[in-house]
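Written out below as structure tokens is the structure these notes cover.
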Amino acid sequence: MAKPARPIRHGSRPGLLGVALLLATLGLAGVLGLEAARAARSHRGIVEGTLRHYASIAAWQYARQGRIWLSWGMNEAAAAIGTALPAPGRPLPGPDLLRRVLAEKECDCMSAGFARTTFRATLGSTPELLTDGDSLPATVGRQLIELFAEDSVARRGPRSWRILAPGAPDLTHPDDVVLAWAIADRGVPLIYGMVVEAAQIRRPLEGALGDAEFFPPAMTGGIRADSLMRIHVEGANGASLLGTGSPAAVYSGVDTLGSLYGGLTVTASIEPEVASVLVGGGVPSARLPQIGILLALTLAIGAAALILLRREQQLAQLRDDFVSGVSHELRTPLTQVRMLSELLQGDGFRTEPERARAIGIIHREALRLTNLVDNILQFARLRRQPASPEATAVPITALLEETRDVLEPLAQAGTTSIVLDPCEPLTIRGDRDSLARIVRNLLENAIKYGRTGQTVRIAAAAVDPGVRITIDDQGPGVPAEERLRIWQPYYRLERHRNAAIGGSGLGLSVVNQLVEALGGRAWVEDAPGGGARFVVELPGTGESPT
């Protein structure tokens, strides 16, 4: 036998599922935002790392080409020096040999004609250093002898050479460069050398820049490499020997020409503005601000949606309370009307007073039903289209007396007395039906929620500029924190809902809308004798009728 289907149960809080889904959506949006930020950061890191690798390759390529250019010039000079030396047994040429040899030798890489000092050093048992040109301090001479001895330039064999970059030794001019050639002669290490300005080796370094192929032509699209790269060559003391612009601090690579070339350091840098040539799309911009703004907007929209869901849930609860209240309001009088009408139809009353009392109850309950239905219809009309009442001269005192007489049966059923305080005759321009609905709803509200045996007082007075109507009851009053909310549709005080007092929650809302349509205002305050005082101020002349 098949099991019966389980009925669908609607939870008391139907918005919880929507709230949960919205929170999950916000959480997912946050995770996606973080992942997007992480992906953007990773993408940028990969591109920057690639550019730094390219810069390192460029530095290595230039160092390789620089060694070729410098070694070519030094080897050419070494060959010329070796050829110019005399046969064994004849006196060795002095330090001016370099000036003569290099003047005759066409060498684009260096020239002895611009040397500050030329020297000849012998490294035998009695080291000796002879100079030509600017004299070298004794300390510099000793440093050169010690460097040649420790570095074993002469031991590398005939025609070996060595470059001492700026900073070694401590020359008079810190940017000067020492070029030395070792010649093995008669068993005694012999070194010829010269001290030149750093500019003298800049020409081979510039030539190396022109020959270096940093990247394949297909990669650069035919753009010259020196327009993509910035090359800096520095000595040991930081002196700049070659510079093609300021080095980029982000995308750079470093290499060295080696100890044989004075430990010259090469720094290759890629200009950020040409990064797109080497990497498709260039360096991606940081998207963290945009992602942060979008995430903040998502959270703001989610928060607004949560507020709307909460508001919708509250409205749903108010509508449920409204349906429950209206059902209660309708069921009780209808039950009495039906029961008493059946008794009257069946001649169930024995005496005339009993029949008259039954007719009075039917009349009273019919009046209550009429007021309830009128409020619902009035509220529906106002929701569809705001009221535009036609203004006429309405005597306020007569209107209050008429409303009191109409609701007297309801008041007597709750042992409530309605007292209309004496007031001068007043007239206000407005819609009579709207004014009657305002007073009737406020008076019925005072009768319903006041205590048993209370006295409800109605008063009217002229104010500037118009009329003020007050209705005082002797009930528990309205808490201060709820005095604004009671004018909202469907809203009822918590104590009334818990006490199961009938009501639709529309009466005061209709009052508020009608008063606003008439250009007035309504509020509630504490009554002088305890309870609540509802006040309505309507604009107008407030003048007495003629």
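Quick note: the coordinates plus some simple rules give every number you see, no bench work behind them. Predicted model only: the values in this text are computed from it and were never measured. Glycine also receives a Cβ, built like all others from the backbone with ideal geometry; neighbour counts cover every protein chain displayed.
Data table
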read-out	value
In sequence order, calculated HN-Hα J values of the range 20-34 (Karplus, 6.51, -1.76, 1.60; Hz; x Gly/Pro)	5, 5, 5, 4, 5, 5, 5, x, 5, 5, x, 5, 4, x, 5
Under-5 Å amide H pairs with VAL463, H placed in peptide plane, nonlocal only	ARG468
THR172 versus SER125: modelled label distance in nm, points set 7 Å from Cα along the beta carbon direction	3.5
Karplus 3J(HN,Hα) series, Hz, for the range 35-42 with 6.51 cos²θ - 1.76 cosθ + 1.60 (x for Gly, Pro)	5, 5, 5, 5, 5, 4, 5, 5
5 angstrom amide H check on ARG451, placed H, neighbours 5+ away	GLN474, GLY475
Net charge over other residues, Cβ less than 11 angstrom from the Cβ of ALA115 (K, R count +1; D, E count -1)	-3
